[in-house]
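Remarks on the structure that follows.
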Ligand code: NDP
């Protein structure tokens, strides 16, 4: 049908920009009731207003996912106001490449706190709802945002890449654990997508490398990833797309 996700509740973290914002909009178009999480409340309000204007149902929750108690409170609100979460797009993340010898330890910690601990806070708060929704509806989805950096070696991306390798490997394990309960688990591994992600990079060399890559390829768009998430979540319940690598056609 045109609204294959109607009846499902979707939660998207990192939904105030980039991949998360585009995916929240797309999942709403596919019929899901959507809760959007990130820190910037104004961006979330704009997004939910847009979704409602297009006939969708949406709930904005300004949350820092590194705050476990705040994430738990958000999960309770989702259950109370929308129902049990049947699709979790665990997507908030930050990328801060720099040569290891620069000892940018604050940036190491930031990436680990958000990409690993924040991701786990969200899993802790929502897994019971996913299992509940799967029992009621026959299927639920946990989709974690990893990166091609989990697979390939890029100089100066060591800490970021390691956080994403964690996400991919965690996802494979959770798939085996939750699959018997009809919760599908997937990791999406994009190559370069044009978002705000690149704007947070402070290291000059890494900035130049990213900027230079535009000469040799057309970057993916957030909508490309949104379409892919929609595809993953609308497969028949028996089919779990475990790991999806999506690259700009011109990216080596
Ligand atoms: P953006 O910077 O546009 O989006 C990041 C999102 O995470 C924002 O909504 C931001 O919102 C949110 N966020 C940041 N910190 C927190 C926090 N502490 N608590 C809650 N939310 C937070 O980048 P992308 O859309 O590109 O990134 C989304 C994911 O995709 C990331 O995990 C990234 O690693 C991954 N990825 C991106 C690629 C790319 O090339 N762009 C390639 C491969 C993977 P706010 O600041 O309002 O909190």
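None of the figures in this text is laboratory data; all of them are computed from the coordinates on show. Please read these numbers as outputs of a predicted model, since none were measured by experiment. Counting neighbours? That spans all protein chains shown, and the Cβs are built from the backbone with ideal geometry, glycine included.
Some observations on this one:
- With respect to the conditions (1) within 22 Å of residue 120 (Cα to Cα); (2) within 16 Å of the ligand (Cβ to nearest atom); (3) under 16 Å from the mean Cα position of the chain (by Cα), residue 151 falls short on a single one, namely (3).
- Scanning the stretch 124-140 for residues that are surrounded by fewer than 20 Cβ atoms within 10 Å (Cβ to Cβ) and either at positive phi or within 15 Å of the ligand (Cβ to nearest atom) (or both) gives 124, 138.
- Residues of the stretch 128-148 that turn out to be over 15 Å from the mean Cα position of the chain (by Cα) and in a helix (DSSP H, G or I), as a count: 10
- Within the stretch 77-109, tally of residues that are away from the ligand (no atom under 14 Å from the Cβ) and assigned to a helix (DSSP H, G or I): 11
- Top-ranked residue of the stretch 80-94 - restricted to ones that are surrounded by fewer than 23 Cβ atoms within 10 Å (Cβ to Cβ) and touching a helix residue (DSSP H, G or I) at 6+ places or on another chain (Cβ under 6 Å), ranked as nearest to residue 38 (Cα to Cα): 94
- Inter-residue pairs, beta-carbon under 7 Å, first under 14 Å from residue 51 (Cβ atoms) and in the stretch 3-18, second within 12 Å of the ligand (Cβ to nearest atom) and assigned to a loop (DSSP other than H, G, I, E, B), 6+ apart: 12/91; 16/40
- Taken across the stretch 34-44, residues that are within 17 Å of the chain's Cα centre (by Cα) and more than 10 Å from the ligand (Cβ to nearest atom) do occur, with at least one present.
- Taken over the stretch 2-20, the residue count meeting the criterion of being touching a helix residue (DSSP H, G or I) at 6+ places or on another chain (Cβ under 6 Å), at positive phi and part of a loop (DSSP other than H, G, I, E, B) is 1.
- Test result for residue 143, more than 23 Å from residue 228 (Cβ to Cβ) and within 16 Å of the ligand (Cβ to nearest atom): no
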